[in-house]
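The values are calculated or read from the model by the stated rules, or taken from the named source; none is laboratory data. Just so it is clear, the structure is predicted and the values come from calculations on it, not from any experiment. Every residue, glycine among them, receives a Cβ derived from its backbone with ideal geometry; neighbour counts consider all protein chains shown. The area values use the complete protein model at the heavy-atom level, side chains included, leaving out ligands, DNA and RNA. Shrake-Rupley method; radii C 1.70, N 1.55, O 1.52, S 1.80 Å.
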Amino acid sequence: MIEIDREITQDFERASGLEWLDTNGLGGWAGTTVAGAHSRRHHGLLVAATQERRTVLLSRLDETLHVEGESFELSCNQFPGAVAPRGYEHLTAFRKDLFPTFDFEAGGVRLRKTVAAVDGENTTLVLYEVVEAPGPFILSLRPFLAARDLHTLTAANPGVSQEAPFADGVLRLRPYPDMPEVFLQVPGAEFRPGPQWWYRFEYEGDRRRGLEFQEDLWTPGIFGLELAAGDRLGIVISTQDPAGRDALALFEKERKRRQKIVKAIDRKLGVQDDFARYLALAADSFLIRRGPGQRAVIAGYPESEERGRDTMIALPGLCLVTGRHEDAKKILRAFIKSLPLESGSADASLWLFVASWKYLQATGDEAFARGTLLPALRKVVHGYDQRLKAEAGGLLASGVEVDALWFNALSILADLEARLGDPAEAKLLMQRAKRVQKTFQGEIQGAEVPPYPGQIFALSLPFPLLSKPKAARMLAAVTEELCAPAGLLGPWLTALVRVHGAAGRKQGLAAIAELKPRLAETGVAGALEVAELLRAYVEDLRGEAPVAVKKSRTKKSGS
């Protein structure tokens with residue numbers, strides 16, 4: 001759990017530099033800064049995702065407490081030359097465990113707010129719990145809409161629809177014909193219409209990046225309702241009509257789904273581990289739906305792109321370590337269907353071998369391996385043979401990491417042929433792999449190869465390309481160059497344990513201990529980083545380090 005106290009939450013510079021994000025399993029999210037002031041155009045309370053695009057629909061929902069004749073604004077915005085209101089001054093704590101949670105104190109009222117994006121739909125829940133209050137008070141809520149593409153900004157315009165029908169606690173909004181309809185369900189509230197534009201919200205992060213940074217937002221009016229100590233209020237913000245739905249029940253369902261994720265990682269480790277839980281929940285945010293029965297991996301937020309190479313590297317950590325084997329199968333199947341089109345990275349299809357081998361290790365699913373994975377891997381090797389024309393000695397001449405991947409591709413295919421396919425072909429492939437290894441070791445021995453971070457893959461892939469003494473020398477050289485960037489920390493931890501055993505595990509755990517405090521301030525924003533860190537932490541540091549494979553099996557399994 002990440003927990004931030006009032007020393008940070010009530011310091012605008014620090015709190016506005018920390019961001020939180022809660023994702024919905026479609027590629028959409030709710031997220032902004034801990035202070036509450038948006039710092040970039042990608043921030044919003046309901047950022048919806050469809051197959052076509054992502055849209056910032058509801059930008060924010062600003063809260064005010066009216067207690068015994070006084071008003072206390074809990075929201076925070078940045079305008080030219082001013083921060084107003086200064087709601088962060090009432091924010092006493094922020095926590096991010098299963099959900100982001102905010103504790104406010106003002107006028108004798110202690111109010112807890114929790115935000116949750118609902119998995120599988122463009123819906124955000126906002127829950128308020130009155131922890132303490134001197135008596136009844138009024139909570140007013142003012143929604144602000146952007147209703148725009150993720151990458152643009154809104155300017156005040158006469159084209160926005162003024163219609164805002166409100167009935168049975170549900171407000172319906174469709175500011176523009178080409179935007180999805182937005183529903184806000186606030187049970188028990190009254191709604192006072194007051195459509196107007198608010199001008200020149202400023203996004204400091206965009207300004208620093210040299211982008212346009214001012215936006216106008218439209219508000220249809222204001223909600224108000226009376227609350228007292230012990231009350232709970234659940235608000236639904238959605239692109240689908242929430243009539244008949246209950247925010248608290250939806251929240252409970254989502255809470256149980258997330259608890260299932262952390263319980264799975266607890267079972268994997270045999271003990272409750274907060275760091276592994278944090279990474280497992282982060283991993284969940286990168287697995288998204290792509291239609292019925294389809295799963296995909298997005299590389300990171302807020303851009304939310306899918307990249308074949310990142311998907312294959314991330315798959316073991318996102319799906320296999322967390323026990324999401326069906327999701328892994330769906331992702332592998334989709335990637336294999338796209339193989340003829342996969343051209344974004346020269347080595348993307350080679351990472352398919354590593355993901356396939358780890359999938360079979362984790363699941364024992366020989367039927368899928370034999371019927372789907374093995375034919376695809378044969379196809380890739382044949383394609384490399386035809387298109388890239390390996391040099392004498394069998395190398396691809398594309399750098400150390402690609403040569404390491406090529407060696408692993410040949411070794412993995414040999415292993416699978418021996419177990420599930422053609423034993424004669426397995427022997428030929430193993431001979432090719434040994435030739436690649438011999439050539440590579442000769443080149444490393446005979447030339448001064450300057451260290452660079454990508455060489456870590458030669459030390460961390462399933463089949464070792466170097467003998468242990470040579471691997472130790474390369475690891476030492478690469479470590480000096482690495483400076484532990486998040487994208488390569490996972491492979492570095494694997495190499496560390498593989499080369500140095502228990503001493504390497506101890507060194508790796510020390511590196512993780514240094515990393516943990518920084519997560520509250522920096523977070524981990526990429527699928528590849530989260531997945532590889534989780535995989536290495538669970539497999540290499542907390543579990544028994546996987547033994548590097550030394551040779552291919554030479555006989556089929558008994559199936």
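General remarks:
- For the range 2-68: rounded, prolate or oblate by the Cα gyration tensor [a/c cutoff 1.5]: prolate
- Kirkwood estimate for the range 216-261, i.e. one over the average of 1/r between Cα atoms, Å: 13.6
- Nitroxide proxy distance, nm - points 7 Å out along Cα→Cβ at K379 and D178: 3.7
- Extension gain, R14 to K427, is 142.7 nm, computed as 0.36 nm per intervening residue step minus the present C-alpha separation.
- Placing dummy labels 7 Å off each Cα toward the beta-carbon, the span from A362 to E52 is 3.5 nm.
- Since only P453, F144, F99 are under comparison, the one whose Cα sits farthest along the positive direction of the charge dipole of the chain, derived from C-beta charges on Lys, Arg, Asp and Glu, is P453.
- Charges were assigned to the Cβ only: +1 to each Lys and Arg, -1 to each Asp and Glu. The resulting dipole of the range 24-137 about its Cα centre is roughly 560 debye.
- For the range 154-161, putting each phi into the Karplus relation 6.51 cos²θ - 1.76 cosθ + 1.60 with θ = phi - 60° gives couplings of 9, 10, 3, 8, x, x, 5, 6 Hz, in residue order, rounded to whole numbers and with x for Gly and Pro.
- Solvent-accessible surface ranking, highest first, for M1, M474 at 1.4 angstrom: M1, M474
- One equal scatterer on each Cα of the chain, no solvent, Debye formula: the resulting log10 I(q)/I(0) at q = 0.10, 0.12, 0.13 Å⁻¹ is -0.87, -1.12, -1.25.
- Computed extension length for H66-K468: 137.8 nm, one decimal, from 0.36 nm per residue of separation with the Cα-Cα distance subtracted.
- Vicinal HN-Hα couplings computed from phi for the range 9-22 (Karplus, 6.51 cos²θ - 1.76 cosθ + 1.60; Hz; Gly/Pro x): 4, 9, 10, 4, 4, 6, 5, 7, x, 9, 10, 10, 8, 10
- With 32 Å as the limit, the listed pairs K256/K506; K256/K337; K263/K379; K113/K263 have K256/K506; K256/K337; K263/K379 beyond it between alpha carbons.
- Dipole magnitude of the chain, debye to nearest 20 (Cβ charges: Lys/Arg +1, Asp/Glu -1, about Cα centre): 3100
- Dimensionless Rg over Rh [the range 193-297; C-alpha; Kirkwood]: 1.09
- Surface composition of the chain: carbon plus sulfur atoms hold 50% of the accessible area, using a 1.4 angstrom probe and ignoring ligands, DNA and RNA.
- Full extension of the segment from R245 to Q214, taken as 0.36 nm per residue of separation minus the current Cα-Cα distance, would add 7.6 nm.
- Loop-located GluC sites (Glu not before Pro) in the range 1-104 whose Cβ has at most 11 other Cβ within 10 Å (DSSP): E52, E68
- Here the dipole of the range 87-136 is about 60 debye; that uses its Cα centre as origin and unit charges on the Cβ of Lys and Arg (positive) and Asp and Glu (negative).
- Surface accessible to a 1.4 Å probe, per residue, for the residues of the chain, Å²: 43
- Charge context of L287, other residues only, Cβ under 14 angstrom, K/R +1, D/E -1: +3
- Spin-label model, R518/K256: points 7 Å from Cα along the beta carbon direction are separated by 4.0 nm.
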